[in-house]
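Read the structure below first, then the notes.
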Amino acid sequence: MSFATDRAGRADTPPPRRSGGGVHLGIGLLIFAGLGLILESSYIFHVLILCFLWSIVVAGWDLVLGYAGIFNFAQLVFFAVGAYASGMLSISMGFHPIVALLIAAVVAGLFGLLIGLPCLRLRGEYVALFTFAVHLALPPLIIQGRALGTGGSTGLIGVPPLQAFGLTMHTVDKQAWYFLTLAAAALVLYAVYFRVLRGKLGKAFVAMRDAEDFARALGVNEYKHKLIAFILSATITGFAGALYAHYIGVVTPKILGNEFFLMVMLMLSVGGLGRFPGAILGAFAITIGNELLRDTGQYRLLLLGTCVVLVILLVPEGLPQLRERGARLFGRK
């Protein structure tokens, strides 16, 4: 298999270069930091907080699916594990919310290890089927796990707010949550795209995705590296889930519902797999689009889906393709 294309025939997408993407990440951070100082609308704060949280989730999924080429459909399972673990630790066991959040990320990573050990011995669509089966199996387990502290179908209510340096961050403290989630998203994006993917691990992931035989010839242990990608992705997503739980204050099995799953899938589809900052742009586009269409009621998902189909038809490689087309257009002129 050629290094130029992957299994789907998509052009090779190497890890982002520090000179380009790093500047964009820094500029974006400064812009959003400045925006947070002048915004007054709680609703806009809320939407942007969701954008930052979903950016963390899609970054973790982009790592495992876009760069490592693992067809994992259990990403929201790790999100739910992180959310429930942090909620249960802080509510039932009395852990400090910050400690509970950090432990929850580790628990999600261990859960990723538990799923990855058997499923990564499979290949292609069989990994997708295995992980999607896990996604389908978890909600009934949560509902039947009331005795274990999951809250059953009602979920966990009253997840305590985060506390740090004498500051208690309630859900209504939108500006504080805005800067916290902005900082968390920036750190995760930097770690994923500019530390992990630019290092030896990232090169091994891309090699496995684009040319498995060549990667093996270079001494890449495919199973080991795929397992590392799976665990990293699960830990990152579990961290986002724990943040979400303490921000919203309520965790229910609905976070494993079809709507959440489809929304994250759309974020990656619109943004483009393995095309930084495509996944992040997709997270912002779908989150904001979903909010703008919320008043349309039952037609919301239909309209959002129509917009996504148009984007995929016009720019099949994701939103970053618009910039490439623009560069070629102006370059000709």
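The values are calculated or read from the model by the stated rules, or taken from the named source; none is laboratory data. In this text the structure is predicted, and so the values were computed from the model without any measurement. As a convention, Cβ positions derive from the backbone with ideal geometry for all residues, glycine included, and neighbour counts pool all protein chains shown. Just so you know, the surface numbers come from the protein's heavy atoms only, side chains and all, with ligands and any DNA or RNA stripped out. Shrake-Rupley method; radii C 1.70, N 1.55, O 1.52, S 1.80 Å.
Can you confirm whether GLY272 is at positive phi and open to solvent by less than 30 Å² (accessible area, probe 1.4 Å)?
Details: at positive phi: yes; open to solvent by less than 30 Å² (accessible area, probe 1.4 Å): yes.
Taking the combined requirement at face value, the residue satisfies it.
Take ILE288 and tell me if it is crowded, with 17+ Cβ neighbours inside 10 Å and among the β-branched types (Val, Ile, Thr).
Values: crowded, with 17+ Cβ neighbours inside 10 Å: no; among the β-branched types (Val, Ile, Thr): yes.
Answer is no for this residue.
Here's the yes/no breakdown for (1) open to solvent by less than 10 Å² (accessible area, probe 1.4 Å); (2) aliphatic (A, V, I, L, M); (3) within 30 Å of LEU167 (Cα to Cα):
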residue	(1), (2), (3)
ALA85	no, yes, yes
SER92	no, no, yes
ILE103	no, yes, yes
GLY116	yes, no, no
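Looking only at the range 208-256, which residues are of a type in the set (Gly, Ala, Ser) and at pLDDT 85 or above? Before the answer, list the steps.
In the first step, residues of the range 208-256 are kept if they are of a type in the set (Gly, Ala, Ser); the result is 211, 215, 217, 219, 229, 233-234, 238, 240-242, 245, 249.
Of everything in the range 208-256, those that are of a type in the set (Gly, Ala, Ser) and at pLDDT 85 or above turn out to be ALA229, SER233, ALA234, GLY238, ALA240, GLY241, ALA242, ALA245, GLY249.
Given the residues PHE73, PHE130, PHE111, which is the only one that is touching a Cys at 6+ places or on another chain (Cβ under 8 Å) and open to solvent by 10 Å² or more (accessible area, probe 1.4 Å)?
On the way: PHE73 fails: touching a Cys at 6+ places or on another chain (Cβ under 8 Å); PHE111 fails: touching a Cys at 6+ places or on another chain (Cβ under 8 Å).
Only one candidate passes the filter, namely PHE130.
Within the set of pairs 6 or more residues apart or between chains, which connect a residue that is more than 14 Å from PHE52 (Cα to Cα) inside the range 27-39 to a residue that is open to solvent by 40 Å² or more (accessible area, probe 1.4 Å) with Cβ atoms less than 8 Å apart?
LEU39/GLN175
So is GLY289 touching a residue at least 40 places away in the same chain (Cβ under 8 Å) and of a type outside the set (Asp, Glu) or not?
No: the conditions fail for GLY289.
Looking at the range 139-155, is at least one residue closer than 25 Å to LEU65 by Cβ and open to solvent by 40 Å² or more (accessible area, probe 1.4 Å)?
Keep residues of the range 139-155 that are closer than 25 Å to LEU65 by Cβ, which gives 139, 141-142.
Checking which are open to solvent by 40 Å² or more (accessible area, probe 1.4 Å) leaves us with 141.
Within the range 139-155, one or more residues are closer than 25 Å to LEU65 by Cβ and open to solvent by 40 Å² or more (accessible area, probe 1.4 Å).
Filter the range 137-169 for residues that are β-branched (Val, Ile, Thr) and assigned to a loop (DSSP other than H, G, I, E, B) and give the result.
Initial filter on the range 137-169 (β-branched (Val, Ile, Thr)): 142-143, 150, 154, 157, 159, 168.
Of everything in the range 137-169, those that are β-branched (Val, Ile, Thr) and assigned to a loop (DSSP other than H, G, I, E, B) turn out to be THR150, THR154, VAL159.
Give the range 170-189 a look and list any residue that's under 20 Å from ALA234 (Cα atoms) and either surrounded by fewer than 17 Cβ atoms within 10 Å (Cβ to Cβ) or of a type in the set (Val, Ile, Thr) (or both), or say none.
Scanning the range 170-189 gives THR181, ALA183, LEU187, VAL188.
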